[in-house]
1. Determine the sum of side-chain charges near L239: Lys and Arg each +1, Asp and Glu each -1, restricted to other residues whose C-beta is under 15 angstrom from that of L239.
2. Determine the sum of side-chain charges near Y329: Lys and Arg each +1, Asp and Glu each -1, restricted to other residues whose C-beta is under 12 angstrom from that of Y329.
3. Remind me, relative contact order of segment 110-415 in percent, using alpha carbon pairs under 8 angstrom and six or more residues apart?
4. Listing D274, D307, D327, D418 from the residue with the fewest other Cβ atoms within 10 Å to the one with the most, what is the order?
5. Based on the Cα coordinates of segment 205-352, what is the per residue volume of their convex hull in Å³?
6. Report, by chain and number, residues whose modeled amide H sits under 5 Å from the one on V148, excluding near sequence neighbours (fewer than 5 apart, same chain).
7. Taking R0 as 45 Å, what's the FRET efficiency between K413 and D291 from their Cβ-Cβ distance, rounded to 0.05?
8. If R₀ is 30 angstrom, what is the calculated FRET efficiency for the pair K395 and S350, using the beta carbon separation as r and rounding to 0.05?
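Every read-out reported here was derived from the displayed coordinates using simple, explicitly stated rules and does not represent laboratory data. Given the structure is predicted, the values throughout are model-derived calculations rather than measurements. Virtual Cβ from ideal backbone geometry, glycine too; neighbours counted across all protein chains shown.
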Amino acid sequence: MHHRRLYRARKAVGVIIVILMVRILLETSSRYKSSEDPISLDVATHETKKQIPTNKATKPIHLSNGGGGFQKRYADSPFRKQMGGGPLPLDTADFLQSETMWKYLNDTCIEEGHIAEWQYRVPYVILLGAMKCGTHALTESLWEHPLVARNRYWELHFFDSDKPVRTEKGIHAHQTRTAYISAFRRHSPEFFAQLDNNGTLNDKKKMIVMESSPRYILNSDRIPQLILCTVPWVKFLLLVRDPVDRAESQFRYLYASRLATGKPMVDWQRWIDDDLRLLQVAGVLQAKTRDEERLAWKRYQRRPNSDMIVGRGMYVLQLLDYFEIMDQYNKSRSDMLVLQSERFRRHQQSDYNNVLQFLGLPPFALQNVTGSIHATHHKDEAVTAMPGSIKEQLKHLYRPYNKRLYALLKWRKDLRWDETQVARPQQ
């Protein structure tokens, strides 16, 4: 009899727990559905869904700049209580990481550093991108110079990881800089070997170190603030390429990657249409003013699980974001050097000399001048070639953005993709 009563009591408690859990889930679900935030697009299904509302937190939430540790930081933060106290629903984790979190983080630069950190100038220059525009070739060319330290890895990806220290109060420059320098000590030991004897970079005979992370230019809505708060002395390099050719090269790269991993490849039209939908939903294509455009690009950047094959070629939007933040930090726009990939391929040594002059380095003759920029060959090129109809569609789409880029950079007519037949490099 005693065991039967105990069993019934346990069963009743279990039923109560289940009821409470269902109630919590329903309340949380209704809170999500009542959001008035803009819709987001599911790339896989082409369906739209409401985004999750945000509530003002009362305490600083120490969430860094995205990254895989978001779930753990969420579990330990006051934000967890604001969202109902339970674990993150799987279908909302990506959104919370890329959208809601940023509403709690501001761009105020909190400088608590020491002057010694400035002596190293780590890094001296950052190659921002763009993807599939020849960043590896330019990086390799710079590493040939005897005063440019070679890194152990091609790309560091510090500022688009969860390593920068950014909270509700702002960007913590000293803590972020300390983490950045620590990463470079592992990334470029040759550089630090010549600095450990109290050396500085004030003497131009000293070696410099660089970072190359092609995604930095794409994430122009948040990366410039992090970089300039952390390493305000840095110079920027940017490679751009005919955006239609760039998109085709990225498609071939994705095709080869998926083929190697056994994943199915989406056809050209579907791939382009998916990104055009994201640009449309975010408001990028409809923006009439620079303010509207800036906000729309920010919304576009918050969309998870997209390769942004079309958006990456809208260089002027990304470059304007950088220039505007540089203006806010009183940093001269002359600290940004933009190179055209097609020209660099044709005039590699002369453009290389321009880069060295920009960096304040002595001239140096390249040993591998014949090395072709973005000349990777892919199998099945006939399969991955961009259809003519899509090429015309993208040319029409990019034309107004290209014209704004030419005006911004004061490019001569012979450098303009839409007005001249520039030499097309192999893919």
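1. Its environment carries a net charge of +2.
2. -3
3. It comes to 25 percent, rounded to a whole number.
4. D327, D418, D307, D274
5. In segment 205-352, the Cα convex hull volume per residue is 158 Å³.
6. Those qualifying (amide H under 5 Å, at least 5 residues apart or on another chain) are I208.
7. Efficiency, from the Cβ-Cβ distance: 0.90.
8. After rounding to 0.05, the efficiency reads 0.55.
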